[in-house]
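Just so it is clear, none of the values below were taken in a lab; they were calculated from the coordinates. These numbers were taken from a predicted model, which means no experiment stands behind them. Positions of Cβ are generated from backbone atoms using ideal geometry, with glycine treated the same way; all protein chains shown enter the neighbour counts.
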Amino acid sequence: MVLLANRSESRAAGWVRRYLRPDDPVARALTWATVSSSLSRGVFFSVSVLFFTRVAGFTATTVGFGLTVAGAVAVAAALGAGYLARRFGARRVLLVTTAGQGLALVAYLLVRTPAAFVLVACAAVGQQAMQRTALTTMIAESFVGPDRVEIRARLRAITNAFIGVGTALAAIALAIDTKSAYLLAMLATGALLLVSALPLRRVKGTAEAGVADGPRTTEPRRSPLLDRTYLMVTGLYAVMAMQFSLLTVGVPLWVAGSTRAPTVTVAALLAVNTAIVSLLQIWAARGARDLRSAGCAVAGAGALLALACGLYAAAAHGAIAAVVTVLALATVAHSFAEILSEAGSWTLAFELADPANAGAYQGVSQTGAALGSMLAPLVVTATAIEHGLAGWAVLGVLFLLAGSSTMALVHRQVRRAAA
């Protein structure tokens, strides 16, 4: 028993060392910044809508409109952040936008009119998009080769794990269910983001000294806006990125409105997704270390998403036990698609980019993610939720085509480079 306990403690210490205390100072700073920001996101996801409607007094329509406008702003912000990162340094942009988003979340406590809500939402969501661009640029400039994808995978595993912790903390406010509890929870979201900026202040050197693959040049060798392959891969990634809203928007609506499964099933499905992503994202990243394997990973993700769509559709019929089982299988397929898609897309975003113009390229890549996030709720509800089986079929074909087209583009690029 003592031996087993010692082994468990050793494994736990190894996990902490590997994930939370990496030797590289840039990786360590990004890790602790991610821990704090993910706690913030977990609390925010759980309480924000109730705060906006019950405490701030806005209608659901106002909240939806404001977040849609903010999503459109985020598309432009993600692109612009890449050029700012090249001009001022990715670390500075990440530091400023992280602190800025923290202040914007605190500002939600002060809004009293719909116009003010829309402005604050644009500031919060726009700066979040800029953070993602600055983060990927900082990774691109600070690490080389497969290390970049592995760092992103580690950060994503940490993100999912601590969003779960933040969600658990938010349950306290939900259980108390008072105005003061929601105000305190929203204040905590801003405070945690401000805390996440602190580790970034101490990072010096690599991320701002230049590109890891070589010295920073005065003029970029290529512009991502003229790089047709990169733009097409980014556009296809926008389609694949709609899978996130499929899980967080489409599946809850489908389970509650079109299946016999109890509503609590939604929480269980999200827990399954969080566990798979947290435990297996690094494994998936190690299988997508070059362009060819990355393209195959995205194609595999497209096929798994098509399978998941078919299973979600099938859950509309059958006894409760069968429906829940089918939904669970669909979520497992969906979750494996997610980790494969992200791993492949990260490698493509790094390896297809011009290292002398990392900021601009990562800005374009994150614009694809922002565009997918903006369009996904509309696309998912207009297909699967409105048209049932036929809508799920459309979504499945869309994901399948996006994945296979990505692989075809990448393989063509590999053949062209080898010629």
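Quick look at the values:
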{"item": "Rounded to whole Hz, the Karplus (6.51, -1.76, 1.60) HN-Hα couplings of region 149-160, x for glycine and proline", "result": "5, 5, 4, 4, 5, 4, 5, 6, 4, 5, 4, 5"}
{"item": "Virtual paramagnetic centre 7 Å along Cα→Cβ of A418, amide N under 15 Å, in region 281-305", "result": "290-296"}
{"item": "For peptides 94-100, 49-55, sequence by mean Cβ density within 10 Å, most packed first", "result": "94-100, 49-55"}
{"item": "For region 221-419, size of Cβ-based charge dipole, Lys and Arg +1, Asp and Glu -1, in debye", "result": "460 debye"}
{"item": "Residue-averaged 222 nm ellipticity for the chain, from DSSP H runs of 4+ at -39500 (n - 2.57), nearest 500", "result": "-27000 deg cm²/dmol"}
{"item": "Over region 265-332, volume per residue of the alpha carbon convex hull, in Å³", "result": "70 Å³"}
{"item": "In nm, spacing of pseudo-spin labels at L187 and T381 (7 Å Cα→C-beta vector)", "result": "3.3 nm"}
{"item": "Gap separating the Cα centres of region 300-342 and region 146-191, nearest whole Å", "result": "26 Å"}
{"item": "Descending principal axes extents, region 24-212, alpha-carbon based, whole Å", "result": "49, 31, 24"}
{"item": "Least to most buried among M242, M407, M232 (fewest other Cβ within 10 Å first)", "result": "M232, M407, M242"}
{"item": "Sequence of F58, F88 once ranked by neighbouring C-beta atoms within 10 Å, starting from the fewest", "result": "F88, F58"}
{"item": "Segments 300-306, 129-135 sorted - mean Cβ within 10 Å per residue, highest first", "result": "129-135, 300-306"}
{"item": "Potential lengthening between R260 and R286 on full extension [0.36 nm per residue; Cα-Cα distance subtracted]", "result": "5.5 nm"}
{"item": "Highest-first arrangement of 141-150, 283-292, 360-369, 38-47, where packing means the average Cβ count within 10 Å", "result": "360-369, 38-47, 141-150, 283-292"}
{"item": "Residue exposure sequence - C309, C296 - by fewest surrounding Cβ within 10 Å", "result": "C296, C309"}
{"item": "Percent of C-alpha pairs per 5 Å bin, region 34-116, short to long", "result": "3, 11, 18, 24, 20, 13, 8, 3, 0"}
{"item": "Residues listed by number, region 25-63, amide nitrogen under 11 Å from K179 label point at 7 Å toward C-beta", "result": "55-57"}
{"item": "Note, ³J(HN,Hα) from phi for region 134-145, Karplus 6.51, -1.76, 1.60, rounded to Hz, x at Gly and Pro", "result": "4, 5, 5, 5, 4, 5, 4, 8, 9, 10, 10, x"}
{"item": "Size of the chain as Cα extents on the principal axes (Å, biggest first)", "result": "61, 58, 46"}
{"item": "Spacing of the two label points (7 Å from each Cα toward its C-beta) at R54 and Y83, in nm", "result": "4.4 nm"}
